[in-house]
Every structure is written in structure tokens, then in C-alpha cells.
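See below for the structure under consideration.
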Amino acid sequence: MKQTPFLLFALAILVFGAGCTDPAETGMPENVTPTPAVLHYERGDVAIPINASELPVRGFDANVTEVIAIVLTDRRAGVLLENGWNITSVRTSIKTGYAEVDLNRTYVDVEFRSGEESPSFFIEVDKQERHTDKGRCNVPFWDGGLHADPYPEDYHQNLSTHLCYVFDHHHNERVVMVYNETTIFYLYPSYGREWYENVEMQR
């Protein structure tokens, strides 16, 4: 019975010592919530936040913060964001060529959408070279004609004089976008309207 106070004292020392242990000294991970990677697209008075940590990554892992920082320097990204489109995902894949596949070289497609029913526009990012590359809309090409596939139900695009025109069937064939691989020339309802009207007058 005389040993009981000593055992209680030793137990108290152990409990107190455990409570004062520094996780950095023991190698134990600290329970710290990571700071969200919020980047901003800025032009003039416009500032649009992009929370890179919330974007889904499709494919294999990518440094999303780095990819978004690169894509935000592209004028096409600014056109889309300023007209209400959002960055909705990041997609990675291996870069392929005609002769070989370089397993160490990847490219990343950053997806933009203006709503759940809208088409997607992708801007390719070359992480190794730290610049953007080709852009494309994901709706099918359809030019009509005798042997054409059935008429698309929602959106389609066709190629005219090296420009891609995207049409919206829900709104009487309204032109939604005009672009090529490197530039967005027109985006409904505002961007490039003067350019678009001039082009339509010449057609």
C-alpha cells in the first residue's frame, strides 16, 4: 500500500510530460489545416479568385496551383473568366508524337465552363515549357451534307476559313464562340462583338 502514492506520482509525471511534447521533436505530424491555394486573375479593376485546391484532377496527379498560375497569363483565360466562365477541372495525359511517346512529358488541359449545360473549352498547358498552347471546344464538328452524321441535339461547331464557329441549337443556332487554336475572337454575349459583326458583314 505504501507504493501507491509513488505510483500515482509517477503516472502524473508521465501524463504531464506527454501533454507537453512538441510534435516537431518527436517526428509526429501536426494537425494543421493546409492553407487553400487561392490565385487571382487580375486585369484593371477586375479580380477573380480561383481556389486551385478545390479543382478536381482527372488523369494522374498534377501541381494544380502551378498549372493555374500558368493558364491565368493566357488572354483566352481572361476572356472566359471575365464573361462568366469558370475553371472546373484539370486533366492530365501523356504527350504523344507521330514516332514515339515521351513518358516523362505530360500536358495538362484546363477546363472552362459557363454552366452545367454549356460546352467546355480547354486550354492546354505545357508544364515543362511553362506556357499555354492550343485551345479547343469539346462539341462535335458538323458541316451537314449528304453523308453527314445526324444533326447534333445541343451544340456543334464547324470550320470556316481556319476559324471554328460554335453554334447553340437551344437558341436558334446562335453563335456562341469563334476561335482558332490560339485566340478567342468572339464569345457571346459581349467579347469581340464588333469583330464578329464586321466578319458577318464580309461573309
Which residue is most open to solvent (accessible area, probe 1.4 Å), if the candidates are limited to region 36-56 and must be over 19 Å from S190 (Cα atoms) and assigned to a loop (DSSP other than H, G, I, E, B)? P36
So, in region 57-89, of the ones that are open to solvent by 10 Å² or more (accessible area, probe 1.4 Å) and part of a strand (DSSP E or B), which residue ends up modelled with the lowest pLDDT? R58
What is the residue count in region 120-173 for residues that are part of a strand (DSSP E or B) and open to solvent by less than 100 Å² (accessible area, probe 1.4 Å)? 23
Selection from region 137-153 of residues that are among the hydrophobic types (A, V, I, L, M, F, W, C) and modelled with pLDDT of 80 or more: C137, V139, F141, W142
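The values are calculated or read from the model by the stated rules, or taken from the named source; none is laboratory data. Only a predicted model underlies this, so the values are computations on that prediction, with no experimental measurement involved. Side chains included, ligands, DNA and RNA excluded: accessible areas come from the protein's heavy atoms. Shrake-Rupley method; radii C 1.70, N 1.55, O 1.52, S 1.80 Å.
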